[in-house]
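The values are calculated or read from the model by the stated rules, or taken from the named source; none is laboratory data. Predicted model, so just to flag it, every value in this text is computed and none were measured. No Cβ is skipped: glycine too gets one built from the backbone with ideal geometry, and neighbour counts run over all protein chains shown.
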Amino acid sequence: MFQIRLHGRGGQGVVTGAEMLSIAAFLQGRHAQAFPSFGSERTGAPVVAYCRIDDKEIRLREPIMEPDALIIQDPTLLHQVDLFSGLKPRDGYILINTTRSFDELGIADFVSGFRPARLCTVPATELAVKHVGRPLPNAALLGGFAAVTGLLELKSVAAAIRDKFSGRVAEANVAAATAAYETVRQEMKEAASHA
Amino acid sequence: MLKQIEGSHGVAEAVALCRPEVICAYPISPQTHIVEALGEMVKSGELAPCEFINVESEFSAMSVAIGASAAGARAYTATASQGLLYMVEAMFNAAGLGLPIVMTVANRAIGAPINIWNDHSDSMSQRDCGWIQLFAENNQEALDLHIQAFRLGEELSLPVMVCMDGFILTHAYERLDLPTREQVAAYLPPYEPRQVLDPREPVSIGAMVGPEAFAEVRYLAHAKQMQALELIPQHAREFQRIFGRDSGGLVRGYRTEDAATIVVALGSVLGTIKDTVDEMREQGHRIGVLGVTSFRPFPLAEVRRILAPAQRVVVLEKALAVGIGGILSANVRMALSGVQLHGYTVIAGLGGRPITRKSLHKLFREAERDELEPLTFLDLDWNLVNRVLEREKQRRRSGPIAETILRDVGVVGARVG
């Protein structure tokens, strides 16, 4: 079972992000379960959503306390919420919506034990503003997630976005996700050539 | 057809396939998504003929359902928590009159203190009002139980409540197999009321009954629920024949053969318990689970048959009978009358407290060693409790408990689980 925890703030589409992840996994024939952390659904308040992906029925109903991957939609949470709680050491994936580096975010020490290929930043808000016209980073982050984990194909992510949204909004979000996917692939290629 | 959708949406689709003619509801979390989706289907004409009636309270929602059902319409509503409490008087009337209304209860805690999260306090408060109560373990079962609920309720002329865990199920996206219109039509015949308000054949419904016959009318309500004990398994078998899925029934045992310890529970926590039991079985523990799907009527004989060979029973429940402890436990003990075994009651998951595998592993091991207290509160923060008790000892005006304890807890927004 692969477990993903998404952190963001109310209004950023954190819950929708988790739901779209589950739809993308479903479209690839997998079992998936997405659910919100419920509660403080106020604009700007810290929000957590979860997604589990497996090859068999998922019966577990506890919150995800030991995620395989973290998607951080709002880097201002980094020093407010215990975002990394329970993340699988070394093998965990961290995807952050930011234009800054892990160094600049002040978490270089924390992530030093992780595999560099699993640490990833995406300027998802900027991509969303460019393509969607609004600072809603969730779809772009899913494109980045597909690229860094290889767990989902970009086309499944696009289909999941089209399942939740329609018309121009859907296509704009697909464009943002595609751009994020390509950005991350490019970063990974560059990192591999330096290694 | 397989779809990855929200539990609430799946239930709305299932209810729509049952062709209700009147839907009335007042919004309350976590039930709202269900009636919102149905409202959209009525507005778009996808669900027709059907009247969606906006009411000003839950009391009116149930009253409208009663009127609609008495006039011969298939009626549906949904609620939770305080909303259910607000319709209580009408709940007893719906059951006492024998009107086959189907209602979803998206289980949620009851205040005070106000709390929007999941536990079973709401539907448990209505356990004795005469409604049939079915508990769903997952969203597929929630969907399937609604289809079975219309069939069962209309055959017996009794209202049926389908309980599904608020948020945990209602707001979860998972894979659902949505039945076809043809399958539902083959399973659920058109509503043929036993009693109907029809100007061509006038009757009155709701007579005053004095001591000469009140007990007999009440006994018949009980007798009907006893008939449900026969019908529920039959309906589940027929459901399996038409839909190809094993859903519903009275109880559901899991790895109970040869089990020394059996855990009994209702609803979605059964999934987490089953995962824990699988892990413990791999380590050689003789442990199993009994899920109770039909809480009313309570299947005494089935519960006894499955539990009696065990050495101990742990009843884990998401509701508290203040002043005694367990509610499900009391029912289970009645089923085990005369059977010698260790019985433990565990109150867990109140007000949305997560029930984790980690806590269950520890709990079940303590039970196996017979080290549990007869009544245990899972993951209770004794430090918080004792601080309040200490404060009350020291000061007469110790203040409101909820506010004081929140100050002791500090900021919860920074937590992850």
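Of everything in segment B:67-96, what is surrounded by 22 or more Cβ atoms within 10 Å (Cβ to Cβ) and under 20 Å from B:Asp128 (Cα atoms)? Give them in sequence order.
B:Thr77, B:Ala78, B:Thr79, B:Ala80, B:Ser81, B:Gly83, B:Leu84, B:Met87, B:Met91, B:Ala94, B:Ala95 - these are the residues of segment B:67-96 that are surrounded by 22 or more Cβ atoms within 10 Å (Cβ to Cβ) and under 20 Å from B:Asp128 (Cα atoms).
Give me the residue from segment A:98-154 that is of a type in the set (Phe, Trp, Tyr) and surrounded by fewer than 21 Cβ atoms within 10 Å (Cβ to Cβ) and, out of that set, farthest from A:Thr183 (Cα to Cα).
So in segment A:98-154, the residues of a type in the set (Phe, Trp, Tyr) come out as A:102, A:110, A:114, A:145.
Narrowing further to those that are surrounded by fewer than 21 Cβ atoms within 10 Å (Cβ to Cβ): A:102, A:110, A:114.
On the way: A:Phe102: 16, A:Phe110: 24, A:Phe114: 21 Å.
Across segment A:98-154, the extreme among qualifying residues is A:Phe110.
Residues of segment B:33-58 being closer than 22 Å to B:Ile110 by Cβ and either surrounded by fewer than 18 Cβ atoms within 10 Å (Cβ to Cβ) or outside the structural domain of B:Ile116 (by TED's automatic domain parsing) (or both), which ones? Write out each step before concluding.
Narrowing segment B:33-58 to residues closer than 22 Å to B:Ile110 by Cβ: B:33-35, B:55-58.
Listed by number, the residues that qualify are B:Val55, B:Glu56, B:Ser57.
Since B:Ala61 meets every condition but one in (1) surrounded by fewer than 24 Cβ atoms within 10 Å (Cβ to Cβ); (2) of a type in the set (Gly, Ala, Ser); (3) free of Cβ contacts under 8 Å to residues at least 60 places away in the same chain, which condition does it not meet?
Against the list (1) surrounded by fewer than 24 Cβ atoms within 10 Å (Cβ to Cβ); (2) of a type in the set (Gly, Ala, Ser); (3) free of Cβ contacts under 8 Å to residues at least 60 places away in the same chain, B:Ala61 comes up short only on (1).
Working only within segment B:128-155, note down all residues that are of a type in the set (S, T, N, Q) and more than 16 Å from B:Leu328 (Cα to Cα).
Scanning segment B:128-155 gives B:Asn138, B:Asn139, B:Gln140, B:Gln148.
In segment B:1-55, what residues are in contact with a His (Cβ under 8 Å, 6 or more places away or on another chain), among the small types (Gly, Ala, Ser), closer than 18 Å to B:Phe167 by Cα and in contact (Cβ under 8 Å) with a residue 60 or more places away in the chain?
The answer is B:Gly7, B:Ser8.
If B:Gly323 satisfies every condition in (1) under 24 Å from the mean Cα position of the chain (by Cα); (2) without any contact (Cβ under 8 Å) to a residue 60 or more places away in the chain; (3) outside any strand (DSSP E or B); (4) at negative phi but one, which is the exception?
In the conditions (1) under 24 Å from the mean Cα position of the chain (by Cα); (2) without any contact (Cβ under 8 Å) to a residue 60 or more places away in the chain; (3) outside any strand (DSSP E or B); (4) at negative phi, B:Gly323 misses (4) alone.
Quick check on my filter: what residues within segment A:13-72 are touching a residue at least 60 places away in the same chain (Cβ under 8 Å) and in a loop (DSSP other than H, G, I, E, B)?
A:Gly13, A:Gln28, A:Ile64, A:Glu66, A:Pro67, A:Asp68 - these are the residues of segment A:13-72 that are touching a residue at least 60 places away in the same chain (Cβ under 8 Å) and in a loop (DSSP other than H, G, I, E, B).
Please go through (1) out of contact with any strand residue (DSSP E or B) (no Cβ under 6 Å at 6 or more places or on another chain); (2) of a type in the set (S, T, N, Q); (3) more than 11 Å from chain B (Cβ to nearest Cβ) for A:Thr43 and return the number of the only condition it doesn't satisfy.
Result: A:Thr43 passes all but (1).
If we keep just the residues of segment A:8-45 that are touching a Gly at 6+ places or on another chain (Cβ under 7 Å) and surrounded by fewer than 17 Cβ atoms within 10 Å (Cβ to Cβ), which is nearest to B:His9 (Cα to Cα)?
Restricting to residues being touching a Gly at 6+ places or on another chain (Cβ under 7 Å) and surrounded by fewer than 17 Cβ atoms within 10 Å (Cβ to Cβ), the top hit is A:Glu41.
Output the residues belonging to segment B:347-385 that are of a type in the set (A, V, I, L, M) and either away from every other protein chain (no Cβ under 11 Å) or assigned to a helix (DSSP H, G or I) (or both).
Hits for segment B:347-385 are B:Ile347, B:Ala348, B:Leu350, B:Leu360, B:Leu363, B:Ala367, B:Leu372, B:Leu375, B:Leu378, B:Leu380, B:Leu384, B:Val385.
Can you find, within segment A:1-40, the residue that is farthest from the other protein chains (Cβ to nearest Cβ) among those that are among the polar types (S, T, N, Q) and more than 18 Å from A:Leu87 (Cα to Cα)? Full working, then the answer.
Of the residues in segment A:1-40, the ones among the polar types (S, T, N, Q) are A:3, A:12, A:16, A:22, A:28, A:33, A:37, A:40.
Adding the requirement that they be more than 18 Å from A:Leu87 (Cα to Cα) leaves A:12, A:16, A:22, A:28, A:33, A:40.
Details: A:Gln12: 15, A:Thr16: 10, A:Ser22: 5, A:Gln28: 11, A:Gln33: 5, A:Ser40: 6 Å.
Per the stated criteria, the residue is A:Gln12.
If we only count helices (runs of 4 or more DSSP H) wholly inside segment A:80-167, which ones have 1 or more residues that are polar (S, T, N, Q) and in contact with a strand residue (DSSP E or B) (Cβ under 8 Å, 6 or more places away or on another chain)? Walk me through how you get there before you give the answer.
Details: elements: A:108-111, A:124-131, A:138-149, A:154-164.
By residue number, A:124-131, A:138-149.
Among the listed residues A:Glu66, A:Glu62, identify the single one that is under 24 Å from A:Asp91 (Cβ atoms) and either touching a helix residue (DSSP H, G or I) at 6+ places or on another chain (Cβ under 6 Å) or polar (S, T, N, Q) (or both).
Every option except A:Glu62 fails the conditions.
When the residues of segment B:337-377 are narrowed to those that are surrounded by fewer than 18 Cβ atoms within 10 Å (Cβ to Cβ), closer than 13 Å to B:Val314 by Cβ and of a type in the set (A, V, I, L, M, F, W, C), which ends up modelled with the lowest pLDDT?
This residue is B:Leu341.
Take the conditions over 25 Å from the mean Cα position of the chain (by Cα), within 14 Å of another protein chain (Cβ to nearest Cβ) and more than 16 Å from B:Asp119 (Cβ to Cβ) and apply them to B:Gly399. Does it pass?
Details: over 25 Å from the mean Cα position of the chain (by Cα): yes; within 14 Å of another protein chain (Cβ to nearest Cβ): no; more than 16 Å from B:Asp119 (Cβ to Cβ): yes.
Here the answer is no, as B:Gly399 does not meet what is asked.
Which residues, taken from segment B:136-175, are within 14 Å of another protein chain (Cβ to nearest Cβ), crowded, with 24+ Cβ neighbours inside 10 Å and in a strand (DSSP E or B)?
B:Met164, B:Asp165, B:Tyr173, B:Glu174
Looking only at segment A:46-85, which residues are charged (D, E, K, R), more than 7 Å from every other protein chain (Cβ to nearest Cβ) and surrounded by 17 or more Cβ atoms within 10 Å (Cβ to Cβ)? Walk me through it before giving the result.
Just the residues of segment A:46-85 that are charged (D, E, K, R), to begin with: A:52, A:54-57, A:59, A:61-62, A:66, A:68, A:74, A:82.
From what's left, more than 7 Å from every other protein chain (Cβ to nearest Cβ): A:52, A:54-57, A:66, A:68, A:74.
The answer is A:Arg52, A:Asp68, A:Asp74.
Could you look through segment A:176-195, keep only residues that are surrounded by 20 or more Cβ atoms within 10 Å (Cβ to Cβ) and of a type outside the set (Val, Ile, Thr), and pick out the one that is nearest to A:Thr121 (Cα to Cα)?
Step by step, filter segment A:176-195, then rank; the result is A:Ala180.
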